[in-house]
Amino acid sequence: MVSPANPLPHLRRMHSHNISTLKSSPLAELSGSLGDLGTLLPLMTALVLTHSICLPSTLLFTGAANILTGVAFGIPLPVQPMKAIAAVAVARNFTLEENAAAGLVVAALVGLMSITGLISWASNVTPIPVVKGIQVGAGLSLCLSAGSSLLAPLSWTGPFWSDNLLWALAAAILLLFTLLYSKLPYALIVFTFGIILSVLSPTTISNTPSNATIPILHPTWKDFWKATTTASLGQLPLTLLNSVIAASALASDLLPSPSYPSAPSVTSLGISVAVINLIGCWFGSMPACHGSGGLAGQYRFGARSGTSIVFLGSVKFLLGILALWNPSPIVGILSGIPKSILGILVLAAGIELAKVGESVNTDARDLRVLGRGEEWDGKRVRDVDDREKNERWMVMLVTVAVLLAFRNDGVGFIAGLTWHWGLKVVRRIEERREGFRWWRRPRHERWETTGLLHEGDRVA
């Protein structure tokens, strides 16, 4: 935890880690910084085209948030769109004020829960298999989204600059090569190629915003009511579970101490999300949060420190300044990047996130044996019997299945908790039954089943 009274030692450690990681693997950090663009670009572009956000404001404020996040946490923690709000905003053509109101409501609630300790309490009492289920479900949801929204509408034919499945196949084959050549800056290569294809494409984007000024918004109570009932309530559990609790747990799994900085607490992540939106949304910036999917994607493509996020934030901030003159070219180029390439990036990130489920019975956080410094040495875990392994696996699968069936993190979370405590109740009932059967046995049989140690104590 960072001491509010003296954060300088923490910032020095983060800076030292960022600089040392950048020196040892600069291309990996650069490539990893692009690992979450498959989620960011389509949603941000769609929101711009529906006039639900201001592009210069979004680039400037989220870019600054990226930079501060990388400096403060020292890990590749993303700043990505609030997906539920973005989906509703695009479907209902939210105005700038309505979209801002949706982000402000979520930010206020998350901030309140962080300050009062409710998020920390919820994280502590949530079983790890349920958290793993949220992570796996989020990963599989990314894979499904990549297939349905990005890859499925494509065909195998078209000019070389067009968006088709041939580019997706080429990107997937190149992704396989990263298994042999782990230092290959995959995301950097395919994203640069996507920019080139976008520039070469003869298509143009119509209906791009002509107003490049940053507005100061004044949402009405009507805007807040509409945003809360249609978008904010659906986003709140997604932010709490996936962007705060699951992101903190994933950071601990992917980047364990002492090799990396300690994982950010759920309280610090919640406050971070609140601050980002309580400042930016008033100026038309896109409602944003952290996310386990983005962290998994950036980790998959090489990022290991906050340097990657600082680089991405700097680029976004520079583009935001350029967009103050004319945002149309930026929107045109970003929206022209082939969906085939973005789809493979999202698919890889989803698989990387879903992979964390394999550790539910091996080195999950609740199984680790901590040393004197309250840090895990990467080796020692407590033994788990077969029954407990099966129960933990089943709780995770129930969470995943219900999450995907209802497409709702909150419903999956409740189902996982219900199954977890249901199994606990079954164990208690079985133990009581066994104790009752033991007591009803004749006295000499009870002594015989007690064990040699107790028999010796009885004779003595």
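Coordinate-derived values only; no laboratory data. Because the structure is predicted, anything quoted here is derived from the model rather than measured. In this analysis, Cβ positions are derived from the backbone assuming ideal geometry, glycine residues included, and neighbour counts consider all displayed protein chains.
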Q) What are the principal axis extents of the Cα atoms in region 311-413, in Å, biggest first? A) 63, 40, 24
Q: Round to the nearest 0.05 the FRET efficiency obtained for GLU434 and MET394 when R0 = 22 Å and r is the Cβ-Cβ distance.
A: 0.50
Q. Where does helix 186-200 land angle-wise versus the long Cα axis of the chain, in degrees 0 to 90, nearest 10?
A. 30 degrees
Q: Report the normalised scattering of the chain as log10 I(q)/I(0) at q = 0.07 Å⁻¹, calculated by the Debye formula with identical scatterers on the alpha carbons.
A: -0.39
Q: Could you tell me which of SER201, ASN124, LEU312 has its Cα farthest along the dipole of the chain towards the positive end, charges placed at Cβ (Lys, Arg +1; Asp, Glu -1), taken about the Cα centre?
A: ASN124
Q) If Lys and Arg each add +1 and Asp and Glu each add -1, what is the summed charge of the other residues whose beta carbon sits under 11 Å from the beta carbon of GLY234? A) +1
Q: Determine, for each peptide in 30-40, 103-113, the mean count of other beta carbons within 10 angstrom over its residues, then list the peptides with the highest first.
A: 30-40, 103-113
(Q) What's the magnitude of the charge dipole for region 8-357 around its Cα centre, counting Lys and Arg as +1 and Asp and Glu as -1 at the beta-carbon? Answer in Debye, nearest 20. (A) 400 debye
Q.
Quick check: Cα centre of region 406-421 to Cα centre of region 257-293, how many Å?
A. 24 Å
**Q.** Positive-end extreme of charge dipole, the chain - chosen from LEU150, PHE224, LEU49 (charges on Cβ)
**A.** PHE224
Q: Can you find, among CYS289, ASN390, PRO81, the residue farthest towards the positive end of the dipole of the chain? Put +1 on the C-beta of Lys and Arg, -1 on that of Asp and Glu.
A: ASN390
Q) Quick one: TYR186, TYR299, TYR260, fewest Cβ neighbours within 10 Å first, how do they rank? A) TYR260, TYR299, TYR186
Q. Do the sum for the chain: with -39,500 (n - 2.57) for every DSSP H run of n ≥ 4, divided by all residues, what is the mean residue ellipticity at 222 nm, to the nearest 500 deg cm²/dmol?
A. -20500 deg cm²/dmol
Q.
Below 14 angstrom from the Cβ of VAL425, what's the summed charge of the other residues (Lys, Arg +1; Asp, Glu -1)?
A. +2
Q: Provide LEU179, LEU140 in ascending order of the number of other Cβ atoms located within 10 Å of each residue's Cβ, fewest first.
A: LEU179, LEU140
Q. Between ILE196 and ARG92, what is the FRET efficiency for a Förster distance of 41 Å, r being their Cβ-Cβ separation, to the nearest 0.05?
A. 0.70
Q.
Nearest 10 degrees is fine. How inclined is helix 307-323 to the longest principal axis of the chain, computing both from alpha carbons?
A. 30 degrees
Q.
Take ASP363 and THR157, extend 7 Å from each Cα along the Cα→Cβ direction, and tell me the distance between the two endpoints in nm.
A. 5.1 nm
Q | Distance between modelled label sites at LYS23 and THR213, nm, 7 Å Cα→Cβ extension | A | 4.9 nm
(Q) Output the 0 to 90 degree angle, nearest 10, between the alpha-carbon long axis of helix 339-354 and the longest principal axis computed from the alpha carbons of the chain. (A) 20 degrees
Q. When only C-alpha pairs under 8 Å and at least 6 residues apart count, what is the relative contact order of the chain, in percent?
A. 33 percent
**Q.** Distance (nanometres) between label positions extended 7 Å along Cα→Cβ at LEU180 and VAL125
**A.** 5.3 nm
Q. Ranking ARG92, ARG407 by Cβ neighbours within 10 Å, fewest first, what do you get?
A. ARG407, ARG92
Q) How high is the FRET efficiency between TRP421 and ILE173 when r is their beta carbon distance and R₀ equals 41 Å, given to the nearest 0.05? A) 0.35
